[in-house]
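*Asks:* Take a look at this one; I'll ask things after.
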Amino acid sequence: MALVIRPQHRNRFHSLLTEMHRLRRRVFVERLGWRIPGDDGVHEIDDYDSGACLHLVSFAPDGRIAGSSRLTPSLEPNVTCNVLQAQIDRPLPRGEDIVEVSRLCVDHDQPEAVRREALKDLRLSQFELYRKHGWDKVLCVAYVRSMQPWIRAGGRIEVIGSPTTFPGDKEPSFAVLMAGTDEGDAVVERHVGQVGGRLLDPLADPSLLDRFGDKRAA
């Protein structure tokens, strides 16, 4: 399962977000060697973790955060369009039907089975959010290895510009626009293994605020 943290609930989920930012630093700075401005030595957080973005966090059996991702409507400020565009040699698209996805990661201190389940939870929950918000295209920066499963499942990928090796990366990546096909859920099922049923959304179930939120912020 994965919990969506919307802007209006950030204060209530402050502790979860702090844990998420610590995980992101372990993954992106310590493990992958990214050089990120403003690194405080503990958290990986940037200017795009505020505003209109939604955070997704998935949980390990022990209750710790096992993975996370960030979704931002592409018409709002986002890291791909506002920062990475300078290193991409074609204009990046924006639109009401496009969502930008960034900072997808899992906790490599967890066993492989937990990591796989966390990634599945995040992907399924992302697809549920796409449907809820009317997003039918996803803008992101991806490695070839991460694009291949989506292509094999029958989804479409438009590569935007030339491959780019960003600071701290060891292999090139591509800006891509991902879309499904007319088969819709069938593509998701082939890609992830099932359709829906993983998203925890406090807008639909307010009890999640008490279940996962900080009691002091209630």
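The values are calculated or read from the model by the stated rules, or taken from the named source; none is laboratory data. This is a predicted model, so every value here is computed, not measured. FYI the Cβ positions are ideal-geometry reconstructions off the backbone, even for glycines, and counts take in every protein chain you see.
*Asks:* Checking the condition of a type in the set (D, E, K, R) and over 16 Å from ILE65 (Cα atoms), which residue from ARG90, ARG115 passes? Steps first, answer last, please.
*Replies:* On the way: ARG115 fails: over 16 Å from ILE65 (Cα atoms).
After applying the criteria, what remains is ARG90.
*Asks:* Conditions: (1) of a type in the set (S, T, N, Q); (2) at pLDDT 90 or above; (3) out of contact with any helix residue (DSSP H, G or I) (no Cβ under 8 Å at 6 or more places or on another chain). SER146 meets all but one. Number of the miss?
*Replies:* With respect to (1) of a type in the set (S, T, N, Q); (2) at pLDDT 90 or above; (3) out of contact with any helix residue (DSSP H, G or I) (no Cβ under 8 Å at 6 or more places or on another chain), SER146 is out only on (2).
*Asks:* Do we find a residue being closer than 21 Å to SER15 by Cα and β-branched (Val, Ile, Thr) anywhere in the stretch 97-116?
*Replies:* Checked against the condition, which is being closer than 21 Å to SER15 by Cα and β-branched (Val, Ile, Thr), the stretch 97-116 yields at least one hit.
Conditions tested, residue by residue: (1) more than 24 Å from LYS120 (Cα to Cα); (2) over 16 Å from the mean Cα position of the chain (by Cα); (3) of a type outside the set (Val, Ile, Thr).
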site: VAL27; (1), (2), (3): no, no, no
site: ARG35; (1), (2), (3): yes, yes, yes
site: ASP49; (1), (2), (3): no, no, yes
site: LEU56; (1), (2), (3): no, no, yes
site: CYS81; (1), (2), (3): yes, no, yes
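*Asks:* Oh, and also: Would you be able to tell me the number of residues in the stretch 1-48 that are charged (D, E, K, R) and closer than 23 Å to ARG115 by Cα?
*Replies:* So the count comes out to 8.
*Asks:* Follow-up question, since we're still on this one. Looking only at residues that are outside any loop (DSSP other than H, G, I, E, B) and under 24 Å from ARG116 (Cβ atoms) in the stretch 175-184, which one is modelled with the highest pLDDT?
*Replies:* VAL176
*Asks:* Out of GLY134, GLY184, GLY155, GLY180, report the one residue that is free of Cβ contacts under 8 Å to residues at least 40 places away in the same chain and crowded, with 19+ Cβ neighbours inside 10 Å.
*Replies:* GLY155
*Asks:* Checking the conditions here, which among ARG12, ARG90, ARG25, ARG64 is among the basic types (Lys, Arg), within 26 Å of ALA175 (Cα to Cα) and in contact (Cβ under 8 Å) with a residue 24 or more places away in the chain? I'd like the intermediate steps shown before the answer.
*Replies:* Values: ARG12 fails: within 26 Å of ALA175 (Cα to Cα); ARG25 fails: in contact (Cβ under 8 Å) with a residue 24 or more places away in the chain; ARG64 fails: within 26 Å of ALA175 (Cα to Cα).
Every option except ARG90 fails the conditions.
*Asks:* Which of the residues spanning the stretch 90-139 are in a strand (DSSP E or B) and of a type in the set (Gly, Ala, Ser)? I'd like the intermediate steps shown before the answer.
*Replies:* Going through the stretch 90-139, the residues in a strand (DSSP E or B) turn out to be 98-106, 137-139.
SER102, the sole residue that qualifies.
*Asks:* For the stretch 140-166, name all the residues that are farther than 15 Å from GLY184 by Cβ, out of contact with any Ser or Thr (no Cβ under 6 Å at 6 or more places or on another chain) and assigned to a loop (DSSP other than H, G, I, E, B).
*Replies:* The answer is THR165, PHE166.
*Asks:* Another question, then. Considering (1) in contact (Cβ under 8 Å) with a residue 12 or more places away in the chain; (2) not in a helix (DSSP H, G or I), say which one ASP205 fails and leave the rest.
*Replies:* Of everything listed in (1) in contact (Cβ under 8 Å) with a residue 12 or more places away in the chain; (2) not in a helix (DSSP H, G or I), ASP205 misses just condition (1).
*Asks:* Look at CYS81 and say whether it is farther than 21 Å from HIS191 by Cβ and not in a loop (DSSP other than H, G, I, E, B).
*Replies:* So CYS81 passes the test.
*Asks:* Working only within the stretch 185-202, note down all residues that are modelled with pLDDT under 80, within 18 Å of the chain's Cα centre (by Cα) and not in a loop (DSSP other than H, G, I, E, B).
*Replies:* VAL188, HIS191, VAL192
*Asks:* Shifting gears a bit: Where residues in the stretch 59-101 are small (Gly, Ala, Ser) and surrounded by fewer than 20 Cβ atoms within 10 Å (Cβ to Cβ), which of them is farthest from VAL27 (Cα to Cα)?
*Replies:* GLY95
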